[in-house]
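Below is one structure, written out as structure tokens; the observations come after it.
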Amino acid sequence: MKLRVLGCSGGIGGRHLRTTSFLVDHDILLDAGSGVAELSVGELAAIDHVFLTHAHLDHVLALPLMIDAVADRRNQALVVHALPDVIAALRQHVFNWSIWPDFSCLPNAEQPRLRFEPIMPGATVCLGERRITALPVDHTVPAVAYCLDSGAASLVFSGDTGPCAAFWQAVNRVPNLRYLLIECAFSDQEMELAKVSRHLCPQLLAEGLRSLDQACDIFITHLKPGEIERTMLEIERSLGEFSPGMLQNNQLFTF
């Protein structure tokens, strides 16, 4: 499997700051933040599956635009995999005919452009030999992480989460873990805000990583614009033993 980073920022504010979205192989999208705009119309039309971690805007904002952009180029529905609560939020607040048309019944209910498939923590979706498993996290809204398993190796993406023992326990059960993409949205100076909003800061992330009992390459994602340098300096101090890298746009992982 190959994962291409389309966006990995915790916000916008510059040419290269795109919110969370990853292209897996050519046909899977992992979250649908503003990074989706990096893809051509042809690349968008090739995507058959979208896996959403949660319903916050920075992770879903490109989904309605993407469906509209390629509706006339596809002969099958785009399948969106997400928690039932995430699907309910999208139906109520986005695909509601007020904010955006409901593509789950366009052009008609028998041949829609969009189809929702609920997924629960622990469940696995098999696409050929590729296995995508939802993992538990702790965020302010219902959310999951994902483990992508090619059969040869696995990559785990945390999505948005605060401290969560169940997440680290699930990661420790991945037998062929190669990469961990883990959020760190705030600096230690804003630890209280991180706790309230159920995100991580370097000290909280360090506590979680020390429960990780297998070696893997670690990359930091979801850094806030304007706080990147400070947070990465704190990460070097708190997490130097783990040698984490900073995730970058257009970075490519093969596993």
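So, in the stretch 198-234, exactly how many residues are part of a helix (DSSP H, G or I) and closer than 21 Å to VAL137 by Cα? Explain how you work it out, then say what you get.
Initially, the stretch 198-234 is screened for residues part of a helix (DSSP H, G or I), giving 202-209, 228-234.
Still in the running and closer than 21 Å to VAL137 by Cα: 202-209.
Residues flagged as part of a helix (DSSP H, G or I) and closer than 21 Å to VAL137 by Cα within the stretch 198-234 amount to 8.
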Practice item. Provide a single number: the residues in the stretch 1-32 that are modelled with pLDDT of 95 or more and farther than 19 Å from THR231 by Cβ. Key: 17
Revision key, fill the gap. Of the residues in the stretch 236-255, those that are under 24 Å from ARG210 (Cβ atoms), among the polar types (S, T, N, Q) and surrounded by 12 or more Cβ atoms within 10 Å (Cβ to Cβ) come to SER238
Point to revise | Counted residues, the stretch 26-56 - those being acidic (Asp, Glu) and out of contact with any strand residue (DSSP E or B) (no Cβ under 6 Å at 6 or more places or on another chain) | key: 3
Check your understanding: Taking GLY35, is it modelled with pLDDT under 95 and either surrounded by fewer than 23 Cβ atoms within 10 Å (Cβ to Cβ) or in a helix (DSSP H, G or I) (or both)?
Key -> no
Check your understanding: Looking only at residues in the stretch 138-188 that are aliphatic (A, V, I, L, M), over 15 Å from HIS222 (Cα atoms) and without any contact (Cβ under 8 Å) to a residue 60 or more places away in the chain, which one is surrounded by the fewest Cβ atoms within 10 Å (Cβ to Cβ)?
Key -> ALA165
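Regarding the stretch 66-85, can at least one residue be identified that is without any contact (Cβ under 8 Å) to a residue 12 or more places away in the chain and either over 18 Å from CYS8 (Cβ atoms) or in a loop (DSSP other than H, G, I, E, B) (or both)? Walk me through it before giving the result.
Quick first cut of the stretch 66-85, residues without any contact (Cβ under 8 Å) to a residue 12 or more places away in the chain only: 72, 75.
So of that shortlist, the ones also either over 18 Å from CYS8 (Cβ atoms) or in a loop (DSSP other than H, G, I, E, B) (or both) come out as 72, 75.
So far as the stretch 66-85 goes, yes, one or more of its residues are without any contact (Cβ under 8 Å) to a residue 12 or more places away in the chain and either over 18 Å from CYS8 (Cβ atoms) or in a loop (DSSP other than H, G, I, E, B) (or both).
The values are calculated or read from the model by the stated rules, or taken from the named source; none is laboratory data. Since the structure is predicted, the reported quantities are computational estimates derived from the model, not experimental observations. Don't worry about glycine lacking a Cβ; one is built from the backbone with ideal geometry, like all the others, and counts go over all protein chains shown.
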